[in-house]
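S.K.: One structure is given below, represented as structure tokens, and several questions about it will come after.
The values are calculated or read from the model by the stated rules, or taken from the named source; none is laboratory data. Just so you know, these numbers come straight off a predicted model, no measurement behind them. Neighbour counts run over all protein chains shown; Cβ positions are idealised from the backbone, glycine included.
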């Protein structure tokens, strides 16, 4: 083909230098078009957000250079929210901006509509989790949501409580061996393995033994992918796919993706192989309720077609990540709050002892009885939301309650962290006060003031699963251990898709007698 093109150009009188000059001109022309497009886009964004004051911008970096991953980033956004009255633009570079909202009325206006996820942020996740429920939009999102919702029916969730208890007790047994020398234990790594073990058992009917297996490559890959995705968002040259692909960070991202995909492929293939056995297939077909992977493998559209391999892996990758990593964040920060506030820890322990007695396994009916423990869990989720922020891309214009409007295609950022610490909504927002979530105090609160699992039509499909697992893990941990903080290493909170600690979450554990 190349020789034919060269011959055609030669017949037209083009020599080698002429062809080179033509390529240079075409390349410069395409580059110029891109620059013009970016300038036009910036002007449109400035115009769209002109009625919303915000923090001053650097001429090149916008506001992104102020995010240093030093533990102050989230509080910086909360400070801007207070200064600019809960709605303000934040620029990532000179050409891309989100309008951040941090008040329930603004948040309700956005989330109640069901707009798609931001194409900027979630585009970076596609090579990892594919087009699963997290990033899908439109009719395909609706179809997948309707398909998967039965997998989180309470009849499905009931038997999971025992599996969650078993996974938690494996972790606690490991901790008993680690505390003999009075060394602090880093929570996040252990809890991540426990929640991965749990999601594998519950949603995928797979006994991975990952808590005893020294190979935690999948957990490390998820850490790496979360870090690199957050870094890419903050480094605006990396917004270009080609630049990122050729960069060292792009290479690391692809390597971590490969490890994550190998893990999920193994789970899928093991189940497919087991279903070739007639007895195993009959067992699945006789189940009153199918688990998550059963649903995916048995799904059929109106034409009798099952999910494509790409769709199947995307949903498994999505739930493998979301089903363990966000819950691990929640549990780890709840344990930290229990350690920091021993009076509340003791009240929870007394309640749990009364409910469980001598049992070391939580049962389904126990969950509803954990009144004070649930209030403490919710208060921790308020102060340390596992997903500190989400974003939407408006598919049509939006007018807020104050009369100000933004056009279609605007990017909206919702800082759940800042919303949960908004002093106009929460009295003394920095104070840990579980009684905020008593029935009487909750009844008058705005329905969009507390959003650990988002809200609206695109809320978290697995929120009941996650809350149940948090209750099980906290109950069994407090039944067995007394927690206190490692004052030498306070956690440094950083947002990396989920809320993590830069230096881990280190707690001292003492066996309860």
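S.K.: Tell me yes or no: at least one residue of the range 347-368 is farther than 30 Å from residue 88 by Cβ, part of a helix (DSSP H, G or I) and at pLDDT below 95.
M.R.: Looking for residues that are farther than 30 Å from residue 88 by Cβ, part of a helix (DSSP H, G or I) and at pLDDT below 95, one finds none in the range 347-368, hence no.
S.K.: Just give me the residues in the range 104-132 being within 19 Å of residue 397 (Cα to Cα) and assigned to a loop (DSSP other than H, G, I, E, B), in sequence order.
M.R.: Listed by number, the residues that qualify are 112, 113, 114, 115, 116, 118.
S.K.: Can I ask one more? If you scan the range 84-102, which residues turn out to be crowded, with 20+ Cβ neighbours inside 10 Å, over 21 Å from the mean Cα position of the chain (by Cα) and not in a strand (DSSP E or B)?
M.R.: Within the range 84-102, 86, 93 meet the criteria.
S.K.: Exactly one of these conditions fails for residue 215: (1) part of a loop (DSSP other than H, G, I, E, B); (2) touching a strand residue (DSSP E or B) at 6+ places or on another chain (Cβ under 9 Å). Give me its number.
M.R.: Evaluating residue 215 over (1) part of a loop (DSSP other than H, G, I, E, B); (2) touching a strand residue (DSSP E or B) at 6+ places or on another chain (Cβ under 9 Å) leaves (2) as the failure.
S.K.: Looking only at residues in the range 392-401 that are surrounded by fewer than 20 Cβ atoms within 10 Å (Cβ to Cβ) and touching a strand residue (DSSP E or B) at 6+ places or on another chain (Cβ under 9 Å), which one is farthest from residue 77 (Cα to Cα)?
M.R.: My answer is 397.
S.K.: On the basis of being over 30 Å from residue 260 (Cβ atoms), assigned to a helix (DSSP H, G or I), touching a strand residue (DSSP E or B) at 6+ places or on another chain (Cβ under 6 Å) and in contact (Cβ under 8 Å) with a residue 40 or more places away in the chain, does residue 77 make the cut?
M.R.: The answer is no for residue 77.
S.K.: Does residue 205 satisfy being within 22 Å of residue 219 (Cβ to Cβ) and surrounded by 22 or more Cβ atoms within 10 Å (Cβ to Cβ)?
M.R.: no
S.K.: For the range 455-493, enumerate the residues that are surrounded by 18 or more Cβ atoms within 10 Å (Cβ to Cβ), at pLDDT below 95 and under 13 Å from the mean Cα position of the chain (by Cα).
M.R.: Across the range 455-493, the qualifying residues are 460, 461, 462.
To keep it simple, each residue is scored yes or no on (1) touching a strand residue (DSSP E or B) at 6+ places or on another chain (Cβ under 8 Å); (2) outside any helix (DSSP H, G or I); (3) under 17 Å from residue 473 (Cβ atoms).
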position: 194; (1), (2), (3): no, no, yes
position: 200; (1), (2), (3): no, no, yes
position: 206; (1), (2), (3): no, yes, no
position: 226; (1), (2), (3): yes, no, no
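S.K.: Next question. Out of all the residues in the range 33-62, which are in a loop (DSSP other than H, G, I, E, B) and under 30 Å from the mean Cα position of the chain (by Cα)?
M.R.: 49, 52, 53, 54, 55, 56, 57, 60, 61
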